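Following: one structure in structure tokens, then a few remarks.
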Amino acid sequence: MTNPIPPLHLYSVPREPAPDQPPPLPRPRTAWTADQLMATEFPEPRWAVPGILSEGVNLLAGPPKVGKSWMSLGLGLSVAAGGKAFDSVPVDGGPVLYLALEDTPRRLQTRMGKLLGGQPAPAGLTLVTECPPLPQGGNEAIAGWLDRNPDARMVVIDVFAKMRGASVPGASAYDADYAAVGHAKRLADHYGVAVVLVHHVRKAGSDDFLTEVSGTNGLAGAADATLVLKRARGQADGVLHVTGRDVDEAEYALSFQPASGAWHLLDGPVTDHTIGDTRASILRAVRANPGAKPKEIAEATGVEIGLVRKTCTRMADDCQLRRDSGGAYFAPGAGTEEGQA
């Protein structure tokens with residue numbers, strides 16, 4: 001008699017598939033002649049979070065304790081329920097698999113309770129605390145869940161280090177990183193879902209957020225998109241930097257709500273939220289009234305005129321404002337009257 005499958009293993013959840021469940025997806029086509037490729041109509045990428053998380057492998061990196069797990073669990077709840085990601089971006093609902101490999105069921109329950117705030121938990125979110133590495137059975141376990149949930153929209157692996165498995169002996173660090181992400185990419189491409197790999201960043205900062213991802217360039221190179229959550233100064237608690245093959249490069253200012261554990265998207269450009277309150281007020285006033293001079297800015301903001309003059313000068317030195325020869329100020333990227341003449 002064989003041993004039964006452990007009841008909490010990914011192979012055994014969720015519920016038994018319905019008798020009329022469609023067969024597994026066919027293997028995607030991978031070769032065309034040039035004329036066939038140009039004549040083929042491809043569907044638009046399926047977005048888990050429009051504009052931010054598309055189908056494919058999404059590497060979500062950030063420093064320890066920055067709130068990556070709160071973010072990924074919150075996104076999982078939003079997508080499974082068909083609500084609003086970051087409390088502002090509408091998403092299409094669908095099943096979500098969340099591999100919380102560093103958490104206990106009790107901790108997950110506590111976190112979800114805060115995030116839900118009394119709302120019912122979505123049945124479409126499957127939470128798992130143990131899974132073998134991708135090369136040692138994890139691929140098959142996740143594929144089995146995706147077969148049972150053909151409408152799935154997202155898989156979250158938190159953290160990726162727990163699932164990547166051992167490197168092939170003799171492989172370079174770059175090749176090992178590329179191959180590790182490749183396992184997740186095959187799943188994402190075959191099933192047309194967004195796979196989110198939660199990862200860490202290096203201790204040393206960098207002007208290029210892509211180089212902050214821990215490991216070699218093979219990780220970001222193999223992923224379809226890279227998202228880096230960084231701590232921010234000023235009014236924002238974090239900035240999410242995003243770039244990828246199907247997503248436009250962008251950055252989003254976010255606010256973390258400790259009471260609910262939720263990340264909220266802040267309105268306006270990141271610069272409005274990552275500088276001090278006085279500078280942010282001046283920048284908003286100048287953006288609303290291009291070409292304003294210190295006296296006009298002081299009247300619009302209520303900031304003392306002497307402080308406005310000093311702050312505007314410093315902001316111009318820091319490239320947060322632009323000043324023309326007549327002493328008028330403009331937001332970065334906005335044309336001056338001289339430049340528009």
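The values are calculated or read from the model by the stated rules, or taken from the named source; none is laboratory data. All values derive from a computational prediction rather than experimental measurement. Note that each Cβ is placed from the backbone with ideal geometry, even for glycine, and that neighbours are counted across all protein chains shown. These accessible areas exclude ligands, DNA and RNA; they are computed on the full protein's heavy atoms, side chains included. Shrake-Rupley method; radii C 1.70, N 1.55, O 1.52, S 1.80 Å.
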Residue match in segment 301-313 (condition: closer than 30 Å to GLY62 by Cβ and in contact with a helix residue (DSSP H, G or I) (Cβ under 8 Å, 6 or more places away or on another chain)): no
Segments classed as helices (runs of 4 or more DSSP H), wholly inside segment 59-165, with at least 2 members that are polar (S, T, N, Q), open to solvent by 20 Å² or more (accessible area, probe 1.4 Å) and free of Cβ contacts under 8 Å to residues at least 40 places away in the same chain: 105-116
Selection count where residues are farther than 23 Å from PHE160 by Cβ and not polar (S, T, N, Q), scope segment 76-123: 19
In segment 19-44, the residues that are at pLDDT 90 or above and either among the β-branched types (Val, Ile, Thr) or outside any loop (DSSP other than H, G, I, E, B) (or both): THR33, ALA34, ASP35, GLN36, LEU37, MET38, ALA39, THR40
Restricting segment 261-297 to residues that are among the hydrophobic types (A, V, I, L, M, F, W, C) and more than 30 Å from TRP70 (Cα to Cα), the residue that is surrounded by the fewest Cβ atoms within 10 Å (Cβ to Cβ): ALA288
Among residues of segment 177-192, those that are in contact with a helix residue (DSSP H, G or I) (Cβ under 7 Å, 6 or more places away or on another chain) and either part of a loop (DSSP other than H, G, I, E, B) or open to solvent by 10 Å² or more (accessible area, probe 1.4 Å) (or both), counted: 7
Number of the condition not met by HIS264 [criteria: (1) in contact with a Pro (Cβ under 6 Å, 6 or more places away or on another chain); (2) touching a residue at least 40 places away in the same chain (Cβ under 8 Å)]: (1)
